[in-house]
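Peer 1: The structure's right below; bear with me while I get my questions together.
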Amino acid sequence: MATDPSGRRIASYEVEEELAQGGMGVVYLARQPSLERRVVLKTLRRDLAEDDAYEERFTREAQAAARVHHPNVVVVYDCFSWRNERFIAQEHVAGKDVAGVLVQVGRFDARVAGLIALEIARGLEEIHARGIVHRDLKPANILLGRAGETKIADFGIALDAKGSALTQTGQSLGTPFYMSPEQLRGARVDARSDVFSFGVVLYEMLTGQRPFAEESPEGDGLVERIEAGRRASVRKLAPRTPRALAALVERCLRAKPKRRFAASAELRRSLERQLGQPSAESCREEIAAWLWERQVFKAAKGETRRTQRSRAPGASAWLRRLVVPALAAGLAAAAVFGWWSERDTLLALPAYAASLRAGP
């Protein structure tokens with residue numbers, strides 16, 4: 001990360017530092033004085049801006065993201081031109097992406113991975129409801145904030161069902177090891193392709209590895225390995241993963257779209273049931289506590305951070321095993337007590353008891 005030496009302005013924004021350089025352009029951290037907030041500015045490389053296809057893709061990224069309003073999706077504020085350059089201004093999430101956290105911690109605890117996955121699923125549900133397929137869901141595009149926020153970013157190759165695709169049949173865009181087999185083949189994709197990518201991301205969070213290796217001893221291609229299901233199971237690599245969560249990952253990674261979750265809403269509901277219906281606030285609290293406890297984030301000078309220890313994986317199931325039998329025993333005791341109370345009353349009123357036994 002290199003600080004921008006010029007301290008220059010881009011339109012009404014004050015550039016603070018350069019965050020990254022990529023194949024498409026440069027990303028800056030900037031300040032918007034009028035609203036007293038930090039923003040991220042993405043610019044398209046000048047040579048690419050001369051290519052109509054790249055410029056259209058850049059504009060569509062802004063348009064697609066701007067249509068989605070959800071706490072688990074990065075907000076796009078503006079798309080503008082400045083001195084013959086194209087820029088996107090979007091929400092700044094103070095934190096790290098999942099890819100960076102994986103490098104630091106190796107892998108996530110199963111419950112925390114599940115909570116992050118639930119937040120991703122909630123964002124995906126809104127994205128898909130808008131008729132958009134993200135097509136580039138991967139750890140580098142999932143941002144984790146210092147307060148435990150989970151945000152889906154980067155709509156650079158999103159497919160808008162209301163518009164035309166930028167790729168033709170037989171061509172594919174995306175990051176190969178996170179792409180569905182139909183996307184790898186360049187076929188038309190729908191929301192179930194994002195479900196597959198979601199499964200790859202969750203698999204990696206749980207195990208610290210991608211499900212499909214970069215090279216295969218058999219010498220077959222990536223699509224062939226996906227279709228053959230040639231991967232280690234989640235529980236083989238991470239034995240403490242709950243069976244239901246591992247089964248959810250396996251269903252997401254099925255080669256045929258019709259065998260995956262039919263929609264992100266179904267995926268979200270399954271995760272909510274497994275995790276005990278946690279609210280968005282609860283998810284943020286547990287995720288933040290886990291990240292801070294593992295020193296993923298460092299407190300800035302003068303900053304204090306109070307964390308709430310996250311529940312252990314499977315805690316809700318453990319509580320059910322403890323509380324439900326106790327509750328059942330209590331109900332049984334109450335029933336017995338009630339029977340004895342009724343019996344004492346009948347013994348005190350023999351005439352009434354006799355009339356009851358005699359019937360009408």
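Peer 1: Can you tell me the FRET efficiency between Ser81 and Val103 if r is taken as the Cβ-Cβ distance and R0 is 41 Å, rounded to the nearest 0.05?
Peer 2: According to the calculation, E is roughly 0.70.
Peer 1: Just list whichever of Lys96/Lys301; Lys42/Lys138; Lys96/Lys256; Lys236/Lys258; Lys236/Lys298; Lys42/Lys236 have alpha carbons separated by over 29 Å in the model shown.
Peer 2: Lys96/Lys256; Lys236/Lys298; Lys42/Lys236
Peer 1: Would you please classify the overall shape of the range 9-91 from the alpha carbon gyration tensor, given that a ≥ b ≥ c denote the square roots of the eigenvalues, rounded means a/c under 1.5, and beyond that prolate means a/b larger than b/c while oblate covers the rest?
Peer 2: Because a/c hits 1.5 or more and a/b fails to exceed b/c, the range 9-91 counts as oblate.
Peer 1: Ok, one more. Dipole of the range 95-293 (Lys/Arg Cβ +1, Asp/Glu Cβ -1, origin at the Cα centre): which of Leu144, Ile132, Val103 lies farthest to the positive side?
Peer 2: Checked the options; the winner is Ile132.
Peer 1: Could you line up Trp82, Trp290 from fewest to most neighbouring Cβ atoms inside 10 Å?
Peer 2: In order of increasing Cβ crowding within 10 Å: Trp82, Trp290.
Peer 1: Quick one: length gained pulling Ser279 to Asp51 fully straight, 0.36 nm per residue minus the C-alpha distance?
Peer 2: Computed gain between Ser279 and Asp51 is 77.6 nm.
Peer 1: Follow-up question, since we're still on this one. Once both labels are modelled 7 Å past Cα along the beta-carbon direction, what's the Val26-Arg8 spacing in nm?
Peer 2: Spacing of the two 7 Å Cα→Cβ label points: 0.6 nm.
Peer 1: Next question. Sorted from fewest to most neighbouring beta carbons within 10 Å, what does the list Val76, Val296 look like?
Peer 2: If I rank by nearby Cβ atoms, fewest first, I get Val296, Val76.
Peer 1: Something else about it: Radius of gyration and Dmax for the range 21-179's Cα atoms, expressed in Å?
Peer 2: Here Rg and the maximum Cα pair distance are 15.9, 48 Å.
Peer 1: Okay, next question. Once the convex hull of the alpha carbons of the range 95-293 is built, what does its volume come to per residue, in cubic angstrom?
Peer 2: Hull volume over Cα atoms, normalised by residue count, gives 112 Å³.
Peer 1: Among 51-62, 263-274, what's the highest-first ranking by average C-beta atoms within 10 angstrom per residue? Don't skip to the answer; put the middle values down first.
Peer 2: Numbers: 51-62: 16.5, 263-274: 18.3.
Taking the mean over residues of other Cβ atoms within 10 Å, the ranking is 263-274, 51-62.
Peer 1: About its Cα centre, how strong a charge dipole does the range 1-132 have in debye, to the nearest 20, once Lys and Arg get +1 and Asp and Glu get -1 at the Cβ?
Peer 2: 240 debye
All of the numbers you see were taken from the coordinates with simple rules; none came from a lab. Predicted model, so just to flag it, every value in this text is computed and none were measured. Neighbour counts are summed over all protein chains in view; Cβ atoms, including those assigned to glycine, are modelled from backbone coordinates with ideal geometry.
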